[in-house]
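Worksheet: one structure, shown below.
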Amino acid sequence: MGSKLPYLIYFGLFLIFPCSTFSGDVEALLSLKTSLDAHDRLPWRRESGDELCTRWLGVKQCSPDGRVIKLVLEFLNLTGTLTAESLSPLDQLRVLSFKSNSLFGEIPNLSVLPNLKSLYLNNNLFSGQIPASLAAIHRLKTIVLSNNRLSGNIPTAITNLPRLYSLQLQINRLTGTIPALNQPTLRFLNLSGNYLSGEIPVTLAFSHFNESSFLNNPGLCGAQIGRPCSKNQIFSPSPTTKAPLSSSHHRNRKRLAAIIAGSVAGFLFLLICLGLVVLMASVKKRNAGRSKAVDGNGAIDAAADIAAPASGGGVGGGKVAFSWEGEGLGRLVFVGGVSGLYSLEDLLKASAETLGRGTVGSTYKAVMESGFIVTVKRLTETAVSPAAPEEFRRRMEDLGRLRHPNLVALRAYFQAKEERLLVYDYFPNGSLFSLIHGSRPGGAGKPLHWTSCLKIAEDVATGLLYLHQSGAIHGNLKSSNVLLGPEFESCLTDFYLLLHSPDSDFSSSSSSSLFYRAPECRNPRCSSFSLASDVYSFGVLLLELLTGKTPFHDLMDQHGAEIPAWVRAVRDEEKETGGSADDPSASSGGDAAAEDKLAALLGIATACLARDPEVRPATKEVARMIREARAEGAASVSSNSSGGGGGGENNEHSPGRWSDTVQSLPREYGSEHLSFAERN
């Protein structure tokens, strides 16, 4: 018995040690909950502490000894301030995400987390400076602090992070110059939407990034943004340095004073003339009762003209004049609580480039003189009846209230007698259609890896579910109306603009838009779209992801019950020709995992494509099935990865082959989109 005692003691210590460490993380997380979770969104309880690594919301991964190494608390409406004291007990964290909450105050000293590799604090209300202490975390690879209220300079100490992979600081209030980052590991960079100035550093790392990484920093110059640097920008004089006075200094001051006096007098005279013109115009308008529209070659009474798209596909050429009267007509109206960051005049002066033409209207990339970039959609008469300006206004206000990470938010709108413009954020990463089809002719694209399909499907289903729960219907869901956001998340656009199928869709039996629509909405007798018709469109989109094929025919009519066999045949053919870089059989999960996930996706798609709208699953059910399939897929990839039980570093850049897919995007799309909602 005595000889067995030491073994019993060692065994008891082995059991006790992980429990005590385990308990420390439990207490630390409960303390975080107390300080941040006023709405009790986190169902953490001390009595369930033994389920920390298996059941606690947000605890995504633990080490073999029970320490939390991946904590993801996103979209939970957490509010409050983070402190170094509250985080220091979690010193084994590799991944920390508080993305899309309402945390405020300064970012604390995070050097108390020496093992941290990925930090996501984006879409919060953090203010103050970026802590230089981040440079002390030598393992840090990913820093995402975008969409906050951070100010001051970017710490130069960040140049000392040897493994920096992604730095995303867009949409803040950062000033000063850009540090000379030159880490060979740097793959993603976005500094757009700040107040940075000076020359973009000339380093090998920066040579891989184009203007999309630096947009909307009016003080920047450099080759990447096509703005040459002047001597003053490159060599700014010290504020304490004074130029010597010349012998003619006094005479020059007198001359300057005379010029200023003359300028002021001239300016006052112009103001008086302008006042008389405005007075005469208002009298004329009262007498006429209302302004009258004129043709593109006539006189313009309303003092506003908008560049019409030229026949060649650009913006410019012919002019259109408008008349308007009443509230909300003839001016740019910002929605969703966003204040006016620019005027209609700024928008009209912008250079524009056609991005595409669709059922709803034509879309343009508008670059203002300040360098600010937005997307402008010019609606066709099909989208909203031109005879109902008040109805249009109400619908735009409703649209402006829809806010979700998987939706492209409306920022502003304009309407006149025969003109409707919608203003959105600019998404330089392009659309899902571009990702699938690239430059391949005839709608023949590349089937995506199943992990990519699941990631995109979950994003689209989540955005669609939010729309439906908000009482809105998309009505125009297709791959060209899914844009890739700043973290390559899928974001729905062009939603809630069509009330019924446009007549133009019925004029051509080969229209791909027609076959995204549910069968009950493919004829002029269709009174309106429905939740069920959106679900059908989602099923078509899912098959497009799996096959790379644009739906130029009714897929159920063409393949019927053989859809699964058809999808597998397409993917097998792609594999044999070597065209698919992320073939399912090459996944880290192996053939069995790939086949399981493919079968799950096919089951969801065929359920959505049911002829009878009543038989199709509800959007909530579709989203649930996809989340479950993706969770099981992530588990299978993790269990088959070379990293072993802890998951290793393979799980830090999610999910599986998704990072490979997005890195294959054409470089001109950049790495982020711009949002101006929080700019000021």
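The values are calculated or read from the model by the stated rules, or taken from the named source; none is laboratory data. This structure is a prediction, so every number in the text was calculated from the model and none was measured. Heads up, the Cβs are rebuilt from the backbone with ideal geometry, glycines too, and the neighbour counts pull from every protein chain shown.
Per-structure values
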| item | result |
| --- | --- |
| Hey, ARG187 out of contact with any Pro (no Cβ under 6 Å at 6 or more places or on another chain), over 19 Å from GLU74 (Cα atoms) and touching a residue at least 60 places away in the same chain (Cβ under 8 Å) or not | yes |
| Long-range neighbours under 8 Å by Cβ, at least six apart or interchain, first residue crowded, with 24+ Cβ neighbours inside 10 Å within segment 161-178, second assigned to a strand (DSSP E or B) and among the hydroxyl-bearing types (Ser, Thr, Tyr) | ASN172/SER151 |
| Residue in segment 164-184 that is farther than 17 Å from PHE209 by Cβ and out of contact with any Leu (no Cβ under 8 Å at 6 or more places or on another chain) present | no |
| Segment 96-132, residues that are among the small types (Gly, Ala, Ser), surrounded by fewer than 21 Cβ atoms within 10 Å (Cβ to Cβ) and either part of a loop (DSSP other than H, G, I, E, B) or in contact with an Asp or Glu (Cβ under 8 Å, 6 or more places away or on another chain) (or both) | SER97, SER100, SER127, GLY128 |
| Subset of segment 564-588 [part of a helix (DSSP H, G or I), modelled with pLDDT under 80 and not basic (Lys, Arg)] | VAL570, ASP572, GLU573, GLU574, GLU576, THR577, PRO584, SER585, ALA586 |
| 3 or more residues assigned by TED's automatic domain parsing to the domain that holds THR83 and more than 22 Å from the chain's Cα centre (by Cα): qualifying strands (runs of 3 or more DSSP E) within segment 133-219 | 195-199 |
| Flag for ASN216 being at positive phi and not small (Gly, Ala, Ser) | yes |
